[in-house]
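Structure first, then comments.
The values are calculated or read from the model by the stated rules, or taken from the named source; none is laboratory data. The structure displayed is predicted, hence computed values, not measured ones. All Cβ positions, even for glycine, are placed from backbone atoms using ideal geometry, and neighbour counts span all protein chains on display. Each accessible area value is taken on the protein alone, full model and side chains, heavy atoms only, with ligands, DNA and RNA left out. Shrake-Rupley method; radii C 1.70, N 1.55, O 1.52, S 1.80 Å.
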Amino acid sequence: MTDPQIMLTERVQQALAAAFGPEHSDADPLIRPSQFADFQANVAMSLGKRLRRAPREVATELAAQLADFPGTVEVSGPGFLNITLDDSWIAAQAQAQLGDPLNGVVQGEPQRVVIDYSAPNAAKEMHVGHLRSTVVGDALARTHEHLGDTVIRQNHLGDWGTPFGMLVEHLVDIGEQAAVAQLEAGQGTAYYQAARVKFDSDETFKARSRARVTTLQSEDPETIRLWHVFMNATIAYFDKIYTQLQVTLTDADIAGESKYNPWLEQVCDDLEAAGIAVISDGALCVFPPGFTGSDDQPLPLIIRKSDGGYGYATTDLAAIRYRVDELKADRSLYVVGADQALHFRMVFAAAKMAGWLPDSVSFEHVQIGMVQGKDGKRFKTRSGESVKLSSLLDEAVERASAAIADRGYSPELQSEIAQAVGIGAVKYADLSVSHDSEYIFDFDRMIAFTGNTGGYMQYATARIRSIFRNGGVDVDAVNGPVLLGESAERALALQLLGFGAVISQVAELSEPHRLCAFLYETASLFSTFYEECPVLKSEGLIKASRLALCALTLRTLETGLSLLGVPVPERM
């Protein structure tokens, strides 16, 4: 079984070497889907300039080298190659994919991939701003594991620093039992605000809080015990959100700021000893080359403040050393807000200066854009507060339940489907747009069962399952053979062959929206196939073939949605 674009790339590159010499064998053939054929190769346009020959002449020579190609190759326009594959080749590849447990996904040399995502602040409730990092990071983790990589999830919680003196002291005041109940209930913001009010208005409380910071940093046993009480209750709340979102993060993946606290002094000492960090205005700073401020002066990366405290840069540098030296990462993805782009560029540059981030290891910032309301501004409640993630998810499930209320389900089944549709709608809406772009949070669009939505994708899988259920056919026992007599059959089969390539692209480019686009196109082509090619009413080999296409489509959709973390109910 061969992906069409991979096969075409290899064959055109072989033709380039045969026609113009081996030095051109690694040129990108620029294979693209075409409205005039199955694919179009545009390499003759760029190669013609290098060879100082007319692109159409170059294309003609390439076409001649593709005489034994499983299809037709025609020169078009100024030098495009229009490529149409033989139906028999497409059918054979689809038949092979039907028998492939990986559904056409090719696992390459496995890598160790560290993915830093979600990372809520333990002093606050999870809000809508945490949604994108969580679901994008989780989709990337699932995809890399499907490709055979070893994935190390890292939930870099904000669980350390000066505010925790205030938070621990407030816990002492209200009692551990009351604090735990409030934090586990997801009322962390109210807890924080109450502590902050006391800190700003009560000098005695402020002094106690500052003293508590000192005992926390010195790891006084009783203070550490109280800190653990606070953190365990907060993590229990986070776990409820992760369970509702159906993401794969666990407590074992927590690697908060506190993890790196013992190494911060060493980070500073090593950078200073190497002459990479210098004192500037009382603070210890690194000045990575190429970064300047609005005044055109070198921009400092502060790793120790003038008061002796450490910041995010210090923690992130310690994390880089840990992920390279201890976790043995080949690649590390930071699924973090786009507003942190400059910070990560400077931190990665500083780590390279120190020799802590070798060229053989790739550290990448997967930038997350802002979620907006219908007014085009940051998505907030009417009172101007951040939208609690738990409230948002609850509302999504309620709306989904209302949308399917007239379908005659039992209360238990309606609740089960509504949970899948509501959570799936929120996750799919986020994943279907480029992670670095802003998007408008719109429940009405999300819960819709038409267009590129989670509901439409879930309905498509449920409809295919109903075919097998109504026909009394075991989907897992279907084995073809695949025959392509109608154009709708051919278009669907050709689309399904691209699944492996798109999964590789998602992992390589960290772009889950490419998978969403592929799945939506697949579901749309299946809809056309379903309307034009009767399945259960057909007979003999035609029926067997169409059932095979249904089975392959179902597995492709369900596998793809699983990699996105979108639940798939069997009935809708």
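Residue-level analysis places Ile115 outside the set of residues that are crowded, with 16+ Cβ neighbours inside 10 Å, over 30 Å from Glu184 (Cβ atoms) and at pLDDT 90 or above. What do you reckon, is Ala462 touching a residue at least 12 places away in the same chain (Cβ under 8 Å) and open to solvent by less than 40 Å² (accessible area, probe 1.4 Å)? Considered against the rule, which asks whether it is touching a residue at least 12 places away in the same chain (Cβ under 8 Å) and open to solvent by less than 40 Å² (accessible area, probe 1.4 Å), Ala462 comes out as yes. Checking each residue in segment 501-524 for being open to solvent by 10 Å² or more (accessible area, probe 1.4 Å) and under 12 Å from Leu431 (Cα atoms) picks out Glu511, His513, Arg514, Ala517. Pairs only if they're at least six apart or on different chains, beta carbon under 7 angstrom, first in segment 68-93 and at pLDDT 90 or above, second part of a helix (DSSP H, G or I) and hydroxyl-bearing (Ser, Thr, Tyr); list them, first residue then second. The qualifying pairs are Val75/Thr60. Taking the listed residues Ala283, Ala313, Ala273, the one that is surrounded by 13 or more Cβ atoms within 10 Å (Cβ to Cβ) and over 13 Å from Ala349 (Cα atoms) is Ala283, with no other qualifying.
In this structure, does Leu102 turn out to be under 22 Å from the mean Cα position of the chain (by Cα) and surrounded by 21 or more Cβ atoms within 10 Å (Cβ to Cβ)?
no
Screening Glu489, Glu531 for residues that are open to solvent by 50 Å² or more (accessible area, probe 1.4 Å) and of a type in the set (D, E, K, R) leaves exactly one candidate, Glu531. Inspect all residues belonging to segment 244-266 and state whether any of them is open to solvent by 70 Å² or more (accessible area, probe 1.4 Å), in a strand (DSSP E or B) and modelled with pLDDT under 95. Looking for residues that are open to solvent by 70 Å² or more (accessible area, probe 1.4 Å), in a strand (DSSP E or B) and modelled with pLDDT under 95, one finds none in segment 244-266, hence no.
Is there a residue being surrounded by 16 or more Cβ atoms within 10 Å (Cβ to Cβ), more than 24 Å from Asp138 (Cβ to Cβ), over 24 Å from the mean Cα position of the chain (by Cα) and of a type outside the set (S, T, N, Q) anywhere in segment 360-378? No; the residues of segment 360-378 include none that is surrounded by 16 or more Cβ atoms within 10 Å (Cβ to Cβ), more than 24 Å from Asp138 (Cβ to Cβ), over 24 Å from the mean Cα position of the chain (by Cα) and of a type outside the set (S, T, N, Q).
Annotation: Ser434 fulfils all but one of (1) open to solvent by less than 20 Å² (accessible area, probe 1.4 Å); (2) closer than 21 Å to Leu563 by Cα; the unmet one is (1). Scanning segment 360-398 for residues being modelled with pLDDT of 95 or more, out of contact with any Gly (no Cβ under 8 Å at 6 or more places or on another chain) and not aliphatic (A, V, I, L, M) gives a total of 5. Mind telling me which of the residues Leu393, Leu357 ends up being closer than 30 Å to Gly186 by Cα, crowded, with 19+ Cβ neighbours inside 10 Å and either in contact with a helix residue (DSSP H, G or I) (Cβ under 8 Å, 6 or more places away or on another chain) or among the hydrophobic types (A, V, I, L, M, F, W, C) (or both)? That would be Leu393, the only listed residue that is closer than 30 Å to Gly186 by Cα, crowded, with 19+ Cβ neighbours inside 10 Å and either in contact with a helix residue (DSSP H, G or I) (Cβ under 8 Å, 6 or more places away or on another chain) or among the hydrophobic types (A, V, I, L, M, F, W, C) (or both).
Test Ile440 against the stated conditions and say whether it is of a type in the set (Val, Ile, Thr), closer than 23 Å to Leu563 by Cβ and under 19 Å from the mean Cα position of the chain (by Cα). Lay out the reasoning, then the answer.
Working: of a type in the set (Val, Ile, Thr): yes; closer than 23 Å to Leu563 by Cβ: no; under 19 Å from the mean Cα position of the chain (by Cα): yes.
Judged against the criteria, Ile440 is not a match.
The residues on offer are Ala429, Ala418, and the sole one that is open to solvent by less than 10 Å² (accessible area, probe 1.4 Å), in contact with a strand residue (DSSP E or B) (Cβ under 8 Å, 6 or more places away or on another chain) and in a helix (DSSP H, G or I) is Ala429.
In segment 32-48, what residues are outside any helix (DSSP H, G or I) and under 15 Å from Glu74 (Cβ atoms)? Once the filter is applied, which keeps residues that are outside any helix (DSSP H, G or I) and under 15 Å from Glu74 (Cβ atoms), segment 32-48 yields Ser34, Gln35, Phe36, Ala37, Asp38, Phe39, Gln40, Ala41, Asn42.
Residues in segment 494-515 that are out of contact with any Pro (no Cβ under 9 Å at 6 or more places or on another chain), closer than 19 Å to Val135 by Cα, touching a residue at least 40 places away in the same chain (Cβ under 8 Å) and of a type outside the set (S, T, N, Q): Ile503, Ala507, Glu511, Pro512, His513, Leu515. On the basis of being assigned to a helix (DSSP H, G or I) and without any contact (Cβ under 8 Å) to a residue 12 or more places away in the chain, does Thr204 make the cut? Yes; evaluated as a whole, the condition is true for this residue. Mind counting the residues in segment 168-192 that are more than 14 Å from Tyr237 (Cβ to Cβ) and assigned to a helix (DSSP H, G or I)? Total meeting the criteria: 10. Restricting attention to segment 219-226, does a residue exist that is open to solvent by 30 Å² or more (accessible area, probe 1.4 Å), under 33 Å from the mean Cα position of the chain (by Cα) and modelled with pLDDT of 95 or more? No: zero hits.
Any idea which residue in segment 437-456 is surrounded by the fewest Cβ atoms within 10 Å (Cβ to Cβ), counting only those that are of a type in the set (A, V, I, L, M, F, W, C) and either touching a strand residue (DSSP E or B) at 6+ places or on another chain (Cβ under 8 Å) or under 19 Å from Asp138 (Cα atoms) (or both)?
Ile440
Which is surrounded by fewer than 15 Cβ atoms within 10 Å (Cβ to Cβ), over 21 Å from Gln154 (Cα atoms) and not hydrophobic (A, V, I, L, M, F, W, C), of Asp339, Asp307, Asp325? Checking each option against the conditions leaves just Asp307.
For segment 503-557, residues that are over 28 Å from His435 (Cβ atoms) and not hydroxyl-bearing (Ser, Thr, Tyr) total 21. Scanning segment 536-550 for residues that are open to solvent by 10 Å² or more (accessible area, probe 1.4 Å) and touching a residue at least 24 places away in the same chain (Cβ under 8 Å) yields a count of 6.
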